[in-house]
Amino acid sequence: MSYLIIHKFPFIVPNDPIFMARSSLFKDAFRDYSIPKTIIKLKQGFGRLIRTKDDLGVAILLDNRIITTNWWEVFFQAFPENINVKVWNSDDFLKIMEKKVGKK
């Protein structure tokens, strides 16, 4: 696999009975329970993209909440230190993808 595209963050559905029961144990269930669970799911996705230290891949997060929310820093801190992060608007992203697809 060379690319991992995530169209939205894999948050647990808030009205899920198990989530509701477990989240009741936290003062701020979103920050203290939901975000860490979502980060684990993202890391699992990255683990499927990068399996060995020699693997290379591109993870594309299409959910703009990664940069528009007050919890984005928590996600970036969870990423490996040697990751190269780029932030593009949708027009720039489409131009880059058109160039990549056109090369094949």
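The values are calculated or read from the model by the stated rules, or taken from the named source; none is laboratory data. Small disclaimer: the values here were computed from a predicted structure and weren't measured. Positions of Cβ are backbone-derived with ideal geometry, glycine not excepted, and every protein chain shown enters the neighbour counts.
Applying the condition of being surrounded by 13 or more Cβ atoms within 10 Å (Cβ to Cβ) and aliphatic (A, V, I, L, M) to region 11-32 and asking which residue is farthest from TRP71 (Cα to Cα) yields MET20. Considering only residues that are outside any helix (DSSP H, G or I) and closer than 25 Å to LYS53 by Cβ, which ones fall in region 86-104? Scanning region 86-104 gives a single hit, LYS86. Based on what the data block shows, is GLU73 over 19 Å from TYR3 (Cβ atoms) and in a loop (DSSP other than H, G, I, E, B)? The answer is no for GLU73. Yes or no: region 31-53 includes at least one residue that is touching a helix residue (DSSP H, G or I) at 6+ places or on another chain (Cβ under 9 Å), at pLDDT 90 or above and aromatic (Phe, Trp, Tyr). Checked region 31-53: at least one residue is touching a helix residue (DSSP H, G or I) at 6+ places or on another chain (Cβ under 9 Å), at pLDDT 90 or above and aromatic (Phe, Trp, Tyr). Residues that are closer than 30 Å to ILE96 by Cα and without any contact (Cβ under 8 Å) to a residue 12 or more places away in the chain within region 13-55 comprise ILE40, GLN44, GLY47, ILE50, ARG51, THR52, LYS53, ASP54, ASP55, listed in sequence order. Annotation note: of ILE18, ILE39, ILE83, the sole residue that is on the phi < 0 side of the Ramachandran plot and not in a helix (DSSP H, G or I) is ILE83.
Just a yes or no: is a residue in region 24-40 closer than 18 Å to LEU4 by Cα, under 19 Å from the mean Cα position of the chain (by Cα) and not β-branched (Val, Ile, Thr)? Scanning region 24-40 turns up no residue that is closer than 18 Å to LEU4 by Cα, under 19 Å from the mean Cα position of the chain (by Cα) and not β-branched (Val, Ile, Thr).
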